[in-house]
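Single-structure report; data block below.
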Amino acid sequence: MAKFNINEIKGTSKEERQAIAEAVRQDPEIWNAVNGIGGLSEKSQSGMMVGTVTDGRDPIKDATVDASGKLGMKKSTKTNQYGFYRFELDQDLYSVTFTINGQVSDPKEIDVKMGQTTILDQIQQ
């Protein structure tokens, strides 16, 4: 197994680190490996939904992300300074909306499965 040096990433520019983070978020296998400590195991009784909210170029901070499951679970969170959000959810089919500056997006349906990470990004024009 190859050794990984975190200092190589720490020495990159903010833009390069954001590009690396985006690449990790786009690959659920890498995402699960990176988040293995405190993340979900394959035997987990829940799933994870993650993503970023951007204007097509820059992250949107404090966007509200709402997830409503068919079986009744409802969760809400806000994006961080990088436009990133994360939910741990029961296995179910969820309707997800994004609220940015009072504008609510059309709902998107996402199937969350136990022990898996589902990625849902939102580009707000």
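No value in this document is a laboratory result; all are computed from the given coordinates. Everything quoted here is computed from the prediction, not taken from an experiment.
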*In percent, how large is the relative contact order of the range 83-125, given Cα pairs closer than 8 Å and 6 or more residues apart?*
35
_Pairs from LYS70/LYS113; LYS74/LYS113; LYS14/LYS108 whose Cα-Cα separation, in the structure shown, is over 25 Å_ = LYS14/LYS108
